[in-house]
């Protein structure tokens, strides 16, 4: 029974990989109309000339903030794990 479950899971995973490979857009072609919209309207909506900065800070600001919080939490955890202990602490 376990081998059948593993084979079924592997088959579904491979099917998703193959489907994804066929759905990838060719290199150099924009995948959606959103790309053109952002390029055309960045200056008027955000007030910046840099499209990358506009996407990171204006259009995806909350997502970028979440990623920064996760990174900060991970670094803090590693620092706390490897920090030097004072004498007398166990």
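Quick notes
- In segment 6-22, the residues that are touching a residue at least 60 places away in the same chain (Cβ under 8 Å) never reach a residue that is assigned to a helix (DSSP H, G or I) and surrounded by fewer than 10 Cβ atoms within 10 Å (Cβ to Cβ) with C-beta atoms less than 9 angstrom apart, at least six apart or across chains.
- Of the residues screened, residue 48 is one that is under 24 Å from the mean Cα position of the chain (by Cα), surrounded by 11 or more Cβ atoms within 10 Å (Cβ to Cβ) and part of a loop (DSSP other than H, G, I, E, B).
- Selected residue (only one of 64, 42 is touching a helix residue (DSSP H, G or I) at 6+ places or on another chain (Cβ under 9 Å), modelled with pLDDT under 85 and either part of a loop (DSSP other than H, G, I, E, B) or surrounded by 11 or more Cβ atoms within 10 Å (Cβ to Cβ) (or both)): 64
The values are calculated or read from the model by the stated rules, or taken from the named source; none is laboratory data. None of the values given here were measured: they were computed from a predicted structure. We place every Cβ from the backbone using ideal geometry, glycine too, and count neighbours over all the protein chains shown.
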